[in-house]
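Taking it in order: structure first as structure tokens, then the write-up.
The values are calculated or read from the model by the stated rules, or taken from the named source; none is laboratory data. Computed from a predicted structure; not experimentally measured. Every residue, glycine as well, gets a Cβ built from its backbone with ideal geometry; the counts of neighbours run over all protein chains shown. Heavy atoms of the whole protein, side chains included, go into the accessibility calculation; ligands, DNA and RNA do not. Shrake-Rupley method; radii C 1.70, N 1.55, O 1.52, S 1.80 Å.
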Amino acid sequence: MRKLPICLIILITIVFASCSSSNKTIIPTSKILPTTEDNYTILWLGNGESYIYINGKYERNESNDYSFEVVQRRYGNTWKSVKNMHRIHPDYDGKAGEREQTMFFGINFTEKGNKIVSTINSSLGNGTGSTDNEFRNQTIQFSIDDISSFAPYNTMRITQHYKYEQGTLLETVELFKLKDGIETPFAKIEESAMIFRPKVLENAPTKFR
């Protein structure tokens with residue numbers, strides 16, 4: 001893999017030190033334990049492949065890859081999701097925070113004219129989005145909270161493609177600097193995940209051998 005310039009490594013260190021989600025995990029508290037009775041619960045299990053933007057194009061950055069699980073609870077037009085990330089690559093340098101991180105995303109959908117729009121409140125920041133009436137193709141974008149003005153990005157955009165019939169989710173996470181309406185790319189992650197739902201098993205799925 002191509003080595004990064006020293007100046008870029010310094011920049012990455014500054015930005016990730018100022019924006020580690022592991023140090024700011026905001027999950028709303030409740031005295032009532034969640035169930036699957038009042039919502040549609042999905043578990044997404046997948047991996048994220050990392051890329052960094054250098055010299056006008058994205059280049060693979062394998063050491064920042066991660067695996068993840070998302071517990072997504074859909075309360076009608078309100079979704080609440082908790083995402084756990086695990087960076088297991090031996091060369092991960094810790095600049096993007098701890099290897100184990102947890103994030104919360106809350107999304108509220110409303111109809112505006114002939115469009116379905118959303119508001120996002122997350123442990124990373126707040127923003128808006130749009131989707132179709134079956135939640136198949138969704139885009140959300142929000143500003144990153146408490147990030148240094150020297151950081152090479154201040155905004156995150158997530159583009160999702162729910163392929164329910166195939167049991168998969170494809171997602172692109174983009175990090176970029178937004179200033180005066182101009183986007184300057186910094187990095188992206190290509191995520192793919194499989195869908196899991198509650199199921200009654202006919203017998204023990206595994207046995208000691």
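Which members of the range 86-124 meet the condition of being closer than 17 Å to Asp145 by Cα, open to solvent by less than 50 Å² (accessible area, probe 1.4 Å) and not β-branched (Val, Ile, Thr)?
Listed by number, the residues that qualify are Ala96, Gly97, Gln101, Met103, Phe104, Phe105, Gly106, Ser122, Ser123, Leu124.
Pairs needed: first member in the range 34-50, hydrophobic (A, V, I, L, M, F, W, C); second member anywhere, part of a loop (DSSP other than H, G, I, E, B) and open to solvent by 20 Å² or more (accessible area, probe 1.4 Å); C-beta distance under 8 Å; at least 6 residues apart or different chains.
Here the result reads Ile42/Arg197; Leu43/Arg197, each pair linking the range 34-50 to a residue that is part of a loop (DSSP other than H, G, I, E, B) and open to solvent by 20 Å² or more (accessible area, probe 1.4 Å).
Does any residue in the range 167-178 that is more than 15 Å from Glu49 (Cβ to Cβ) and open to solvent by less than 20 Å² (accessible area, probe 1.4 Å) come within less than 9 Å, Cβ to Cβ, of a residue that is aromatic (Phe, Trp, Tyr) and not in a strand (DSSP E or B) six or more places away or on a different chain, and which pairs are these?
Partner pairs satisfying both residue conditions: Phe176/Tyr153.
Please determine whether any residue of the range 125-147 is open to solvent by 80 Å² or more (accessible area, probe 1.4 Å), over 20 Å from Ile42 (Cα atoms) and either touching a Pro at 6+ places or on another chain (Cβ under 8 Å) or among the aromatic types (Phe, Trp, Tyr) (or both).
The answer is no, given that none of the residues of the range 125-147 is open to solvent by 80 Å² or more (accessible area, probe 1.4 Å), over 20 Å from Ile42 (Cα atoms) and either touching a Pro at 6+ places or on another chain (Cβ under 8 Å) or among the aromatic types (Phe, Trp, Tyr) (or both).
In the range 183-209, what residues are of a type in the set (Phe, Trp, Tyr) and either closer than 14 Å to Leu45 by Cβ or open to solvent by less than 90 Å² (accessible area, probe 1.4 Å) (or both)?
Within the range 183-209, Phe186, Phe196 qualify.
Given the range 45-116, what strands (runs of 3 or more DSSP E) lie entirely inside it while holding 2 or more residues that are more than 16 Å from Lys188 (Cα to Cα)?
Correct list: 66-75, 78-86, 100-112.
Determine which member of the set Glu134, Glu183 is more than 22 Å from Asn84 (Cα to Cα), of a type outside the set (A, V, I, L, M, F, W, C), free of Cβ contacts under 8 Å to residues at least 40 places away in the same chain and in contact with a strand residue (DSSP E or B) (Cβ under 6 Å, 6 or more places away or on another chain).
Only one candidate passes the filter, namely Glu183.
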